[in-house]
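Peer 1: Got a structure here, written out as structure tokens. Questions coming.
The values are calculated or read from the model by the stated rules, or taken from the named source; none is laboratory data. Everything quoted here is computed from the prediction, not taken from an experiment. Positions of Cβ are backbone-derived with ideal geometry, glycine not excepted, and every protein chain shown enters the neighbour counts. To get the accessible areas, we keep the full protein, side chains included, count just its heavy atoms, and leave off ligands, DNA and RNA. Shrake-Rupley method; radii C 1.70, N 1.55, O 1.52, S 1.80 Å.
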Amino acid sequence: MAPNFIDMAVPVFFLLIGVELLVSWFARRANYRFNDSINDLSLGIIDQVGGAFLKSFVFVGYLYLYHHHRLFDIPNNSVLAWIACFLLYDLAYYWAHRASHEINIVWASHIPHHQSEEYNLSVALRQGLFQGCLFWIFYLPLGYIGFSPLLFIACAQLDTIYQFGIHTRTIGKLGPLEWFMNTPSHHRVHHGKNPKYIDKNHGGVLIIWDRLFGTFQAEEEEPLYGTATPLRSWNPVWANVHYWIDLARLAWNAPRTRDKFLVWFMKPAWRPEGLEKQGPPASETREFYLKYDPKVPVGVSMYAFAQFLPTLVIGIFFMKNERAMEWTERAGVAGLVIMTLVCIGGLLEGKRWAFLVELLRLPVFATACVIWCSRFFGLDTASGLALAIASVVTIAVLLAWVFAHRRVFTRPFGAIENNYYTTTPVEQKRLPDPSSTESPLVSAK
């Protein structure tokens with residue numbers, strides 16, 4: 001069995017996020033927002049928890065080609081084999097990543113990674129659940145050549161771990177490394193939605209592929225981050241499915257039968273004949289940009305964080321122990337984790353449905369935790385009873401806390417108040433309400 005380098009790296013990921021938070025705080029740079037980062041991490045947890053049910057499906061094609069049609073028997077203990085596999089994997093990743101920006105059906109699986117309007121290390125963990133279901137096609141040639149699944153997985157994980165470190169605004173340009181490595185500067189361009197930055201710098205570890213195939217763009221001014229059409233939601237499930245729904249609606253409304261099929265394979269900006277075309281991309285010269293930032297009281301944010309922490313622990317525990325679980329247990333844990341993260345997103349938006357669902361979720365979540373803890377840690381009767389009593393007390397306190405803030409949850413759908421910020425790289429300042437006649441945003445439109 002191949003070592004799981006990503007599992008080993010998870011503690012380091014969180015340590016580095018903490019370091020970046022401290023650096024940002026001392027430098028007075030607003031690189032993180034609480035609600036945005038919670039949403040980033042929620043999508044990362046869902047990717048890992050949900051991905052446990054998709055791994056076998058995704059890898060079966062590679063295994064088939066390697067075991068039945070490989071051209072060469074490439075040894076795992078050869079340094080040249082490791083170098084060749086890593087380079088070819090990075091090249092395959094470039095084309096998979098480029099396709100995810102140029103083909104609608106692949107973009108639908110990748111778009112969650114680009115939805116954050118911030119750029120920091122937590123964004124690196126923001127991944128689309130369905131991305132692996134389409135990217136695997138681009139890696140099949142490696143199995144056909146004869147790189148073993150163990151070697152392929154190891155190189156894929158090392159490539160992924162490297163990419164975590166380039167999701168930062170804290171590091172500037174890196175001199176000569178900028179010529180051949182994918183650096184934080186190059187990847188900031190990739191996450192920018194300024195017209196000249198869109199669909200540029202698709203490389204994983206190496207930027208040479210972009211230079212060779214004409215998709216390179218150097219960083220000039222600070223990018224505007226996010227997608228051309230902002231998601232405007234903290235719901236991690238909606239982040240994964242909304243573009244699929246948009247494509248289905250577009251296909252349904254397309255007047256011509258041919259376009260109902262083509263819409264899935266054209267570029268994201270393409271529209272069927274007879275339907276309204278998209279407007280131009282966001283201007284790269286505008287002075288102000290409105291970020292999605294619904295206001296909720298500090299008490300609600302504290303409560304959301306208190307719910308997120310144990311969910312994160314359960315998600316990490318699931319990653320390390322899911323093979324030892326029965327299928328029904330895996331499904332139960334995954335379902336509760338996803339439900340909790342959806343509720344947290346709704347609470348941070350002040351949504352009424354989140355308040356109502358939370359009243360039902362809390363006792364179910366606590367009961368499940370007591371049962372699973374008793375099973376996995378072999379608790380005796382006395383310890384199990386003590387844990388149950390502690391859970392009841394905790395739930396009572398949490399329910400009281402939720403009820404104390406019940407008036408916050410009055411937003412059934414999308415009517416929200418917003419905080420408005422400049423996109424100044426050094427410091428983000430509060431701006432007046434854009435509906436005000438004195439607001440500079442009115443003249444900036």
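Peer 1: Being within 19 Å of GLN163 (Cα to Cα) and under 29 Å from the mean Cα position of the chain (by Cα) narrows it down to one residue among PHE59, PHE53, PHE86; which is it?
Peer 2: Unique residue meeting the criteria: PHE86.
Peer 1: Output the number of residues of segment 77-104 satisfying the condition of being outside any helix (DSSP H, G or I) and either at pLDDT below 95 or in contact with a Cys (Cβ under 9 Å, 6 or more places away or on another chain) (or both).
Peer 2: 2
Peer 1: Still on this structure, I have one more. Which of the residues belonging to segment 167-202 are assigned to a loop (DSSP other than H, G, I, E, B), under 19 Å from THR227 (Cα atoms) and not basic (Lys, Arg)? Let's see the steps before the verdict.
Peer 2: Looking only at segment 167-202, we keep the residues that are assigned to a loop (DSSP other than H, G, I, E, B), and these are 167-174, 180, 182-183, 193-202.
Checking the rest, the ones that are also under 19 Å from THR227 (Cα atoms) come to 167-169, 193-202.
Answer for segment 167-202, where residues must be assigned to a loop (DSSP other than H, G, I, E, B), under 19 Å from THR227 (Cα atoms) and not basic (Lys, Arg): HIS167, THR168, ASN194, PRO195, TYR197, ILE198, ASP199, ASN201, HIS202.
Peer 1: Among the numbered criteria (1) in a loop (DSSP other than H, G, I, E, B); (2) at pLDDT 95 or above, which one does ASN240 miss?
Peer 2: So ASN240 meets the others, but not (1).
Peer 1: Moving on. Those residues that are of a type in the set (A, V, I, L, M), modelled with pLDDT of 95 or more and open to solvent by 20 Å² or more (accessible area, probe 1.4 Å), I need them from segment 134-149; list them, please. Explain how you work it out, then say what you get.
Peer 2: If we filter segment 134-149 for residues that are of a type in the set (A, V, I, L, M), which is where we start, we get 134, 137, 140, 142, 145.
The next check asks that each one be modelled with pLDDT of 95 or more; those that pass are 140, 142, 145.
The answer is LEU140, ILE145.
Peer 1: Go over the candidates GLY350, GLY346, GLY332 one by one and state the one that is under 15 Å from VAL237 (Cα atoms) and either touching a Leu at 6+ places or on another chain (Cβ under 6 Å) or surrounded by 15 or more Cβ atoms within 10 Å (Cβ to Cβ) (or both). First the steps, then the outcome.
Peer 2: On the way: GLY350 fails: under 15 Å from VAL237 (Cα atoms); GLY332 fails: under 15 Å from VAL237 (Cα atoms).
Going through GLY350, GLY346, GLY332 in turn, just one is under 15 Å from VAL237 (Cα atoms) and either touching a Leu at 6+ places or on another chain (Cβ under 6 Å) or surrounded by 15 or more Cβ atoms within 10 Å (Cβ to Cβ) (or both): GLY346.
Quick grid of which residues meet (1) crowded, with 19+ Cβ neighbours inside 10 Å; (2) in contact with a Leu (Cβ under 6 Å, 6 or more places away or on another chain); (3) under 21 Å from LYS320 (Cα atoms):
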{"site": "MET8", "(1), (2), (3)": "no, no, yes"}
{"site": "GLY18", "(1), (2), (3)": "no, no, no"}
{"site": "GLY44", "(1), (2), (3)": "yes, yes, yes"}
{"site": "PHE53", "(1), (2), (3)": "no, no, yes"}
{"site": "TYR64", "(1), (2), (3)": "no, no, no"}
{"site": "PHE72", "(1), (2), (3)": "no, no, no"}
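Peer 1: To continue, here is another question. For segment 380-401, state whether one or more residues are of a type in the set (Phe, Trp, Tyr) and either crowded, with 17+ Cβ neighbours inside 10 Å or farther than 24 Å from SER42 by Cβ (or both).
Peer 2: There is no residue in segment 380-401 that is of a type in the set (Phe, Trp, Tyr) and either crowded, with 17+ Cβ neighbours inside 10 Å or farther than 24 Å from SER42 by Cβ (or both).
Residue-wise test of (1) open to solvent by 10 Å² or more (accessible area, probe 1.4 Å); (2) within 18 Å of the chain's Cα centre (by Cα).
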{"position": "HIS69", "(1), (2)": "yes, no"}
{"position": "GLU117", "(1), (2)": "yes, yes"}
{"position": "ASN120", "(1), (2)": "no, yes"}
{"position": "GLY128", "(1), (2)": "no, yes"}
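Peer 1: May I ask you to verify whether ALA366 is within 23 Å of VAL241 (Cβ to Cβ), open to solvent by less than 50 Å² (accessible area, probe 1.4 Å) and modelled with pLDDT of 80 or more?
Peer 2: When the stated conditions are applied, ALA366 does not pass them.
Peer 1: Name the one entry in THR340, THR394 that is under 19 Å from the mean Cα position of the chain (by Cα) and farther than 17 Å from ARG406 by Cβ.
Peer 2: From the options THR340, THR394, the qualifying one is THR340.
Peer 1: Within segment 200-235, work out how many residues are touching a Phe, Trp or Tyr at 6+ places or on another chain (Cβ under 7 Å), of a type in the set (A, V, I, L, M, F, W, C) and within 30 Å of ALA354 (Cβ to Cβ).
Peer 2: Of all residues in segment 200-235, those touching a Phe, Trp or Tyr at 6+ places or on another chain (Cβ under 7 Å) come to 200-210, 217, 223-225, 230, 232.
Retained after the next criterion (residues that are of a type in the set (A, V, I, L, M, F, W, C)): 205-209, 224.
From what is left, the residues that are within 30 Å of ALA354 (Cβ to Cβ) are 224.
Going through segment 200-235 one residue at a time, the tally reaches 1.
Peer 1: Does THR215 fit the bill of being modelled with pLDDT under 95, in a loop (DSSP other than H, G, I, E, B) and in contact with a His (Cβ under 7 Å, 6 or more places away or on another chain)?
Peer 2: Against the criterion (modelled with pLDDT under 95, in a loop (DSSP other than H, G, I, E, B) and in contact with a His (Cβ under 7 Å, 6 or more places away or on another chain)), THR215 does not qualify.
Peer 1: A further question on this structure: Working carefully through the options PHE409, PHE376, find the one that is under 31 Å from the mean Cα position of the chain (by Cα), at pLDDT 75 or above and at negative phi.
Peer 2: Numbers: PHE376 fails: at pLDDT 75 or above.
Checking each option against the conditions leaves just PHE409.
Peer 1: Okay, next question. Write out, first by first residue and then by second, each pair whose Cβ atoms fall under 6 Å of each other, whose residues are 6+ apart or on separate chains, and whose first residue, in segment 45-56, is in contact (Cβ under 8 Å) with a residue 60 or more places away in the chain and in a helix (DSSP H, G or I) while the second is buried (at least 16 other Cβ atoms within 10 Å of the Cβ) and of a type in the set (A, V, I, L, M, F, W, C).
Peer 2: Qualifying pairs under 6 Å: ILE46/LEU129; ILE46/ILE338; ASP47/LEU129; GLN48/MET319; VAL49/PHE318; VAL49/ALA334; VAL49/VAL337; GLY50/LEU129.
Peer 1: Output the residues belonging to segment 210-244 that are open to solvent by 60 Å² or more (accessible area, probe 1.4 Å) and either in contact (Cβ under 8 Å) with a residue 40 or more places away in the chain or closer than 26 Å to LYS351 by Cα (or both).
Peer 2: Hits for segment 210-244 are PHE213, GLU221, ALA228, THR229, ARG232, TRP238, TRP244.
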